[in-house]
Amino acid sequence: MALTLVQNLGLDDTATSQLTATVCEPTAAANDQQLFMTGNWFASSSVNGGANWTFVNPFTRFPASAGGFCCDQIVLYNAAHHIWIWLLQYVSTANGDNIFRLAVCRDTQFGSWYYWDFAPKNLNAAWNKQMFDYPHMAFTDANLFVTFNMFLGNPWQRAVVFRFPLATLASGASLGYRWWATTNNGSIRLCRGAGATMYMGSHNSASQIRVLQWPDNSTNLSWSDVNVRPWSGGAYSAPGPGGVNWLARLDSRITGAWVSGGTIGFMWSANRDSSHPLPYIRVARIKETNKTLIDEPDIWSQLSAWAYPAAAPNSQGQVGISAFYGGGTRHPGHVVGVKTATSWDTVLTKTSTHGPPDQSWGDYLSCVAHHSTAAHWVASGYTLQGGSARKNIEPRYVRFRS
Amino acid sequence: MATKPKKTTTARTGAKSAGKPVTSGKARGETAAGAPSPEDLDIRDRLKSGPRRPAGPPLVGDTFERAAIKAIRDEVVPKVTDPKNRKSRK
């Protein structure tokens, strides 16, 4: 069945108060008529399925903490516990440390948030000058998982994985949680669609992925290393009209991850090579039971580059994606797609009218199953419309199905 | 494709408590943070340009040429996946 865009909405200035950035990093989620969308540096909610949006200011919505609200945000809706979860990253203090804020509200009290703050020094007193950056968030049946990188100034220090009980997040009781850190892998990506075990991925090398797994019923996590076909990284380039390279910020970290029907999938942006004239999306599908590689159905083009994939399964186990496509004769465009038996069915939701003059774009998108029509997906995206200034960024809320 | 089960390594995790949540009303309290000016945001936007800082240990083999050479030797390239232009319902 062909992919259908059920909703394809651009958020206007009323919805974002023009608090938009060319590195927009949008995320979106849905609970029937309740929608919530975040991005740099806005949040916006709807209670009528996207007909109207209300701007929510992440700078002022909560009390001041650390150096103030910074940038990265993620929103998710958990249907099993009827809660919205909103993660916000804060600016470092003069000491160099920051916090992330984990805000929760019940769907019956949409917008009435309560929250917990987390600083690196909460995990280890010696990390009192370090900061969290680049969050990801996904859940299993019983837990919410959050990953971050940690930096001391600019140098990367480690990656951290948090596990929070969803029942406690929903009840608002005292929150006990578990955590784990590693200096061997960065930018750990969590799988969407997890059941009783969370799977995560990170590159070991340009030809091997570490697949981590943390069962809900265990205080231990474990990992296996899976060889994949070698790929290229380095400095990415895909000049569009006017020679604007919208991929100057791109790197190879895994940005899309899912588990569904016994298959774990990871997606990342790879650089051009002898077989691909432009950057493209590498895909590795791995058998859940024994962590062997199934196949590598990459997404690529002779005409334009593909980058920044996000992925999620729907309730039927089909895999949906949100990504960007641009370069050559095209400014960056936002695309959603679904995995078919033999390839990918992909559709442009909107193409930019301009390229980013500072060559900055990214750094992530989101794709989640819709609630309550779980056969549908909700994707976030963005384009530049009518100019190249940051205020010309138009975030997109897209609902699609196959 | 390989079918041999992969070797698994296990690690222990730690436990912590974050206590009870802070309840935040809808109205802006006295401790509410201020928002930066549009000019400040313009500066923040420009600071995002350029390559990202490394976010993990260096990846072995993450160089343009080596991987490219190996790719052409090994790869069976799937068909291209250009997106379609398709109209939405609304």
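Each reported figure results from applying straightforward, stated rules to the coordinates on display, with no laboratory input. Every value quoted in this text rests on a predicted model; they were computed, and no experiment measured them. Cβ atoms come from the backbone with ideal geometry, glycine included; neighbour counts cover every protein chain shown.
Residues within the reach of a label modelled at B:Lys79 (point 7 angstrom out along Cα to beta-carbon, backbone nitrogen below 13 Å), restricted to the stretch A:262-278: there are none.
Net charge within 9 Å of A:Asp97 by Cβ-Cβ distance, Lys/Arg positive one each and Asp/Glu negative one each, not counting A:Asp97 itself? Mind showing how you got there, number by number?
Values: positive: A:Lys121, A:Lys129; negative: none.
Counting the neighbours of A:Asp97, the net charge comes to +2.
Pull the list of chain A cysteines that no other Cys approaches to under 4.7 Å, Cβ to Cβ. Cysteines lacking a close Cβ partner in chain A: A:Cys24, A:Cys105, A:Cys191, A:Cys367. From largest to smallest, the equivalent ellipsoid semi-axes obtained for the stretch A:301-402 from the alpha-carbon gyration tensor read 25, 15, 10 Å. In the structure shown, the pairs A:Lys287/B:Lys79; A:Lys287/A:Lys339; A:Lys339/B:Lys79 are assessed against 19 Å; a Cα-Cα span above that value is assigned to A:Lys287/B:Lys79.
Can you sort A:Glu394, A:Glu296 so the residue with the fewest Cβ neighbours within 10 Å comes first? Let's see the in-between values first.
Values: A:Glu394 24, A:Glu296 16.
Ordered from fewest to most neighbouring Cβ atoms within 10 Å, A:Glu394, A:Glu296 come out as A:Glu296, A:Glu394.
In chain A, helices alone account for a calculated mean residue ellipticity at 222 nm of -500 deg cm²/dmol, with every DSSP H run of four or more residues adding -39,500 (n - 2.57). Between A:Gly240, A:Ala284, A:Leu250, the Cα set farthest toward the positive side of the dipole of the stretch A:219-287 (charges on each charged residue's Cβ, about the Cα centre) is that of A:Ala284.
Taking the Cα centre of each part, how many Å lie between the stretch A:215-239 and the stretch A:151-206? Using only Cα atoms, the two centres lie 14 Å from each other.
Here the residues A:Phe59, A:Phe266, A:Phe139, ranked from fewest to most Cβ neighbours within 10 Å of their Cβ, fall in the order A:Phe59, A:Phe139, A:Phe266. Charge dipole of chain A (Cα centre as origin; +1 on each Lys and Arg Cβ, -1 on each Asp and Glu Cβ, all else neutral): 260 debye, rounded to the nearest 20.
If you take each beta carbon of peptide A:223-231 and count the beta carbons of other chains within 10 angstrom, what is the mean?
Numbers: counts 6, 5, 4, 2, 2, 0, 6, 11, 7.
Mean shielding by partner chains, rounded to a whole number: 5.
Given +1 at the Cβ of Lys and Arg, -1 at the Cβ of Asp and Glu and no other charges, the dipole of the stretch A:276-402 around its Cα centre is 220 debye to the nearest 20. Legend: ranking of residues A:Val6, A:Val378, A:Val244 from fewest to most surrounding C-beta atoms inside 10 Å; resulting order A:Val6, A:Val244, A:Val378.
Got a sec? Which residues in the stretch A:49-88 would a label at A:Gln33 touch, if it sits 7 Å along Cα→Cβ and we count backbone N under 12 Å? Residues A:49-52 fall inside that zone. In this label model, A:Gln208 and A:Asn48 are separated by 5.7 nm, measuring between points 7 Å along each Cα→Cβ vector.
How long are the semi-axes of the equivalent ellipsoid of the protein assembly as shown, taking √(5λ) for every eigenvalue λ of the Cα gyration tensor, in whole Å from largest down? The partial results should precede the final answer.
Values: eigenvalues 186, 144, 102 Å².
Whole-Å semi-axes of the equivalent ellipsoid: 30, 27, 23.
Please work out the FRET efficiency for the pair A:Asn290 and B:Ile43, using the Cβ-Cβ distance as r and a Förster radius of 41 Å; give the result to the nearest 0.05. Provide the component values of the computation, followed by the final result.
Numbers: r = 51 Å, r/R0 = 1.24.
About 0.20, to the nearest 0.05.
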